[in-house]
Amino acid sequence: ADNENNIASSQPRSPLPVVEEKWKPQLQRNNTNNTSASGSVGNSAIPEKERQNIAERLLRVMCTDLGALSVVSGKEFIKLAQTLVDSGARYGAFSVTEILGNFNTLALKHLPRMYNQVKVKVTCALGSNACLGIGVTCHSQSVGPDSCYILTAYQVEGNHIKSYVLGIKGVDIRDNGDFIHHWVQNVLSEFVMSEIRTVYVTDCKVNSSAFSKAGMCLRCSACALNSVVQSVLNKRTLQARNMHEVIELLNVCEDLAGSTGLSKETFGSLEETSPPPCWNSVTDSLLLVHERYEQICEFYSRAKKMNLIQNLNKHLLSNLAAILAPVKQAVIELSNESRPTLQLVLPTYVKLEKLFTSKANDAGVVSKLCHLFLEALKENFKVHSAHKVAMILDPQQKLRPVPPYQHEEIIGKVCELINEVKESWAEETEFEPSTKKPRAAGEATAAQEEDWFGKNEVYDYLQEPLFQATPDLFQYWSCVTQKHTKLAKLAFWLLAVPAVGARSECVNMCEQALLIKRRRLLSPEDMNKLMFLKSNML
């Protein structure tokens with residue numbers, strides 16, 4: 001706090017405007033004095049507070065673009081800094097290199113201090129969480145042969161989801177899931193109390209059973225749907241099932257998409273919103289060819305290269321696109337970073353299950369593919385109880401997406417979760433209990449027990465009419481907190497958990513982290529601290 005308050009007050013006042021001709025001789029006169037006085041000026045010419053301010057500005061430059069690690073020590077940057085000091089320094093012009101030394105060294109010297117300052121703010125923010133717990137994602141991102149994991153915490157602040165990147169770590173592909181679990185637990189222990197309830201979202205490389213001991217562990221929905229598509233359209237699987245026409249179609253689409261003629265610059269992008277970085281499906285080329293089919297035909301007709309187009313099975317292409325386009329659209333919706341998404345997982349499963357079932361009655365190879373998609377969906381796209389509870393907490397959905405025979409089971413999951421976390425509510429008595437109908441004396445004990453487990457509150461909430469428009473979920477639960485106390489607490493916890501563990505900035509962060517690692521610009525510890533500042537300070 002002292003450092004922050006000092007920044008504004010310690011900034012040098014802008015110099016009075018002077019004539020260009022008068023300024024230059026003064027600058028030269030100061031520079032000539034530097035050579036004789038450099039020995040007497042020394043490092044004591046600038047107070048320590050001023051050096052801290054300069055170091056903070058350097059760290060902010062580095063966090064803006066980590067490529068600046070090499071720039072800030074370059075000759076041109078030193079010349080710029082020298083000019084700024086000459087024209088505006090309080091103590092006259094002096095040699096920047098003699099007074100401040102190497103800029104990298106100066107910035108990294110103060111890196112631990114600034115890291116601790118921002119760490120305290122993040123720890124206080126996570127510790128002051130008024131709801132039940134937090135969401136934590138641990139997701140890998142590969143860049144060539146290397147990969148790294150990004151650990152991010154999520155919680156509701158006000159009516160918005162706030163995310164904090166807690167750590168980033170380069171990982172060898174030989175490291176197992178238990179190694180990642182230990183790293184996650186060590187990092188979390190520096191920011192949150194061990195008793196805080198946590199929902200983990202991980203990719204397929206992480207050992208989910210290890211995380212389940214510390215809290216609920218969900219699989220990244222984008223990774224799950226990617227596995228569904230990859231397992232069905234794997235060329236070995238298709239060959240074993242004698243689906244050679246599908247293999248041929250995929251090969252032709254890959255050739256078209258990989259050719260110089262078919263490019264985003266020529267035909268535009270396939271969608272306005274990009275899928276998450278963990279979506280790396282073989283279907284992208286197929287969907288792109290289907291979307292731009294007329295343009296592709298026109299392009300190759302002019303080039304007089306129609307042999308590829310003639311080998312394209314247009315009927316099969318259309319049928320496959322009708323199956324795969326909804327899958328990719330579901331991935332894009334589940335990876336939305338501006339609103340809650342966990343409540344969409346179960347409705348997405350139901351929607352895709354209906355799609356594959358309806359297409360499974362078609363004749364030919366499409367029917368076989370849809371049966372494979374149904375099996376892969378059940379095997380790879382697992383629906384957790386947290387997904388079911390989150391769906392109910394959306395007043396626009398509630399139980400509408402699922403058939404009636406599943407309603408009681410899902411209501412039971414909500415009550416079970418309320419029962420698991422009810423200890424944290426025991427001391428809170430500021431909310432008025434929900435109004436209840438008069439009951440007979442013999443039913444009083446059972447009614448109180450049901451109310452303690454939240455059944456009355458759940459049924460009262462479900463009897464309310466559905467929202468017709470898409471609501472702001474956190475705004476809604478803020479308004480009904482007094483009426484549905486237990487459900488509101490669940491909502492502010494679970495709806496902050498993302499359905500997809502990878503975010504759009506993951507690729508850029510991992511590329512920069514691995515670049516630093518390969519060039520050995522920083523130690524792993526300093527790299528992690530700098531990435532932490534980049535994510536949470538700016």
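The values are calculated or read from the model by the stated rules, or taken from the named source; none is laboratory data. Just so it is clear, the model here is predicted, and its values are computed rather than measured. Here the Cβ positions follow ideal geometry from the backbone for every residue, glycine too, while neighbour counts run over all protein chains shown. With ligands, DNA and RNA removed, areas are computed over all heavy atoms of the protein, side chains included. Shrake-Rupley method; radii C 1.70, N 1.55, O 1.52, S 1.80 Å.
Calculation over all alpha carbon pairs of segment 224-382 in 10 angstrom steps from 0 returns a P(r) of 10, 38, 34, 16, 2, 0 percent.
Relative contact order, percent, of segment 224-382 when contacts are C-alpha pairs under 8 Å separated by at least 6 residues?
Details: 129 pairs, mean separation 50.1, N = 159.
Taking the mean separation of contacting Cα pairs over the length of segment 224-382, I get 32 percent.
Modelled label positions at S189 and E48, each set 7 Å beyond Cα in the direction of Cβ, lie 3.2 nm from each other.
Remark: spin-label model distance K354-N419 equals 3.2 nm, labels positioned 7 Å along the Cα→Cβ axis.
By average Cβ neighbour count within 10 Å, what is the ranking of 289-299, 385-395 from highest down? Intermediate results must be reported in sequence, preceding the final value.
Details: 289-299: 16.9, 385-395: 23.1.
Put in order of decreasing packing, that is 385-395, 289-299.
Annotation for segment 194-223 versus segment 290-355: alpha-carbon center distance of 30 Å.
Mind listing which GluC sites (Glu not before Pro) in segment 326-374 are in a DSSP loop and have 13 or fewer other Cβ atoms within 10 Å? If you can, show how the numbers build up before the last one.
On the way: sites: E333, E337, E353; in loops: E337.
Hits after loop and neighbour filter: E337.
Among the trypsin sites (Lys or Arg not before Pro) in segment 200-243, those located in a DSSP loop and surrounded by at most 12 other Cβ atoms within 10 Å of their own Cβ are K213. Of the accessible area of segment 288-397, computed with a 1.4 Å probe over protein heavy atoms only, carbon and sulfur atoms account for 48 percent. Taking amide hydrogens as placed 1.01 Å from N in the peptide plane, the amide H of E157 sits under 5 Å from those of K162, each at least 5 positions away in sequence or on another chain. With θ taken as phi - 60° and the Karplus curve 6.51 cos²θ - 1.76 cosθ + 1.60 applied, the whole-hertz 3J(HN,Hα) list for segment 383-400 is 9, 8, 4, 5, 5, 5, 5, 4, 5, 4, 6, 9, x, 8, 10, 6, 9, 4 Hz, x standing for glycine and proline. Ordered by solvent-accessible area of protein heavy atoms (1.4 Å probe), largest first, the residues C138, C204 come out as C204, C138.
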